[in-house]
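This report concerns only the one structure given below.
What follows draws every value from the coordinates through simple rules; no lab data is involved. Everything quoted here is computed from the prediction, not taken from an experiment. With ideal geometry, Cβ positions are generated from the backbone for all residues, glycine too; neighbour counts draw on all protein chains shown.
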Amino acid sequence: MSSTTDFDTGVRKAPASGPSPIRTRADALAERLEYGARALATLAAALTDAQWQARMPGDGRTLGVIVHHVASVYPVEIQLARTLAEGKAIGGVTMDDVHAMNADHAKAFRNVSHLEAIDLLRRNSTEAAAVVRSLSDAELDQAAPASLYGNAPVTCQFVLEDHAVRHSYHHLARISAIVQD
């Protein structure tokens, strides 16, 4: 008997009867990342040109730029998590750096197309999920100071959940709220 997915959360549920599938924590994280990216890609593909160019209130970026942003930062988010997985501290990364990176990205990709953004979202989320799946429980549990969190020691899994896994859901909810109004 196969498992089913709760499409509101992207979380797999074990079948009602029989043994539950053996999976790793990394597999579960990767599945949630993939589900969020697919949901964002589906929404992005349905946006009209006017919606694609609409600006996010309080943010100023277009919805298209935001979709491309999610896609483009997967490699950075994964590299931060891999650094922690190796037991190394993350230094020199602050929220000011993140805001500057986002502003530079918005300028550079202000004319990004649906196709370009969605293709990058699919490619980078697939690659990110593959890296996540390769992590052991010990690597997910590895903690080290991270400047992005005031040098608090955080785990690799925490950084994955707070960035690569959560990112698409965060922007999916914000974009959905805009286009449903």
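Only one item in [x] 10, 34, 34, 19, 4, 0; [y] 9, 28, 26, 18, 12, 6, 1, 0; [z] 10, 34, 30, 18, 7, 1 matches P(r) over Cα pairs in 10 Å bins from 0, in percent derived from the coordinates shown, and that item is [x].
For segment 27-116, the relative contact order is 31 percent, taking Cα pairs closer than 8 Å that sit 6 or more residues apart in sequence and dividing their mean separation by the residue count.
If you add up the charges near F109, with Lys and Arg at +1 and Asp and Glu at -1, over every other residue whose beta carbon is less than 15 angstrom from its beta carbon, what do you get?
Numbers: positive: R55, R61, K107, R110; negative: D59, D104, E116, D119.
Local charge sum for F109: 0.
Given the rule -39500 (n - 2.57) for each run of at least 4 DSSP H residues, summed and divided by the residues of the chain, what is its mean residue ellipticity at 222 nm, to the nearest 500 deg cm²/dmol? It would help to have the intermediate numbers written out before the result.
Details: 8 runs with 109 residues, N = 181.
Helix-only estimate at 222 nm: -19500 deg cm²/dmol.
Here the contact order of the chain, divided by its residue count and restricted to Cα pairs under 8 Å and six or more residues apart, works out to 31 percent.
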